[in-house]
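What follows is one structure encoded as structure tokens, with my remarks underneath.
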Amino acid sequence: MLSLFAGLLAACGSSDADGLTTITVGVSNNIFDTSLRVADANGYFRAAGLKVEFITVTASIGSAALQSDSVQFLNDSPTNFLTAVGRKIPELAVAMNGGGNPLGLVVSAKFAKEHGLTAQTPPDVVAKALAGSTGGASSNTTKGQSSIFLKEYGADPASVKWVMLPSPAADKAALNNEQIDWFVTSEPIPLQVQDAGDGVVVAGPDRVPVWSVARSGYGQVVVVRQSFAQENADLVRRFVGAVQQATAYTRGHEAETVAIMKKVLSGVPEPVLLASLRLVDWPESDAMDKAGWATTMAFISKEGALPKGTKLPDSNWTNQYLPQ
């Protein structure tokens, strides 16, 4: 990991001959990265004087990559961000570029057949079928979201044998080789598994109210180091302004957005990308507020993934860099 970070440092914050400032951005390669990819494809970053290099990071190394300056911006889940805040790591959320949880709970084709599960099976029946099964999780976030689903429908998360895996791609591989019976992660991977005939998506925010935007709050936030924002206020302002422009564009241009994401997530069918995009609330404004964070904190507290006593001080989030 250290060698990876060291190799990236030289490119951070450099200026090109064309006057653009190069910055690195940590992404997860799921549907929540859409506004960042749209900002790049549509030239919003370039118009802001920025050249963006995307670096794929997992939940386990995102905060470390940010603190080491391997990435200057991190497209992060609220759970990972709040975990860092709870550990007194000086991070700052500067924009909210996606609401809700575009999750999919996908069971293997074999498990679905053995338990009579289909995409139309009621969530409570699905939850009961998962008791005693083997579930995969690539982060505390997805494990916690799985547990929220199980508890909501009267199933005990402790009855599940959990296999912790390094990434959503590893979840998919473990499902295919029968190491696990099911997993939960952000789209488009679950729908992609279903499209390939290797599994069935039996739960998502469109059918599970506890995963809905209204119940879960914020789904993704743009995070920086507090010191970086203080020292590079204009750069942060230009970056989040471009992201907000792209988020609003994504909200109203499905076909164009799918075409952009198809180039990024190669191999993912267009219907899968479209269905995934529709599971996210793409806000017209990337601004945050106390009510939104209260909803988010309440949801994440149910995951049981945060350090005990975690609070979110006002000093760890701000709208001051967003266009007024």
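The values are calculated or read from the model by the stated rules, or taken from the named source; none is laboratory data. All of these numbers come straight from a predicted model, not from anything done at the bench. Here Cβ is always computed from backbone atoms with ideal geometry, including for glycine, and neighbour counts include all displayed protein chains.
If the condition is being surrounded by fewer than 24 Cβ atoms within 10 Å (Cβ to Cβ) and over 16 Å from T134 (Cα atoms), then the stretch 169-188 contributes only A169. Considering the stretch 52-79, and only residues there that are part of a loop (DSSP other than H, G, I, E, B) and either under 16 Å from S227 (Cβ atoms) or in contact with a helix residue (DSSP H, G or I) (Cβ under 6 Å, 6 or more places away or on another chain) (or both), the residue that is modelled with the lowest pLDDT turns out to be A59.
If we scan the stretch 20-29, do we find a residue that is at pLDDT below 95, within 24 Å of S315 (Cα to Cα) and assigned by TED's automatic domain parsing to the domain that holds A275? No, every residue in the stretch 20-29 fails to be at pLDDT below 95, within 24 Å of S315 (Cα to Cα) and assigned by TED's automatic domain parsing to the domain that holds A275.
Go through V163, V224 for me and flag whichever is of a type outside the set (K, R) and in the same structural domain as P78 (by TED's automatic domain parsing).
V224
Could you tell me whether the stretch 103-115 includes any residue that is in contact with a helix residue (DSSP H, G or I) (Cβ under 8 Å, 6 or more places away or on another chain), in a loop (DSSP other than H, G, I, E, B) and farther than 11 Å from W182 by Cβ? No - not one qualifying residue is present in the stretch 103-115. Examine the stretch 192-209 for a residue that is among the polar types (S, T, N, Q), within 27 Å of S146 (Cα to Cα) and in contact (Cβ under 8 Å) with a residue 24 or more places away in the chain, and state whether such a residue exists. The answer is yes, given that some residue of the stretch 192-209 is among the polar types (S, T, N, Q), within 27 Å of S146 (Cα to Cα) and in contact (Cβ under 8 Å) with a residue 24 or more places away in the chain.
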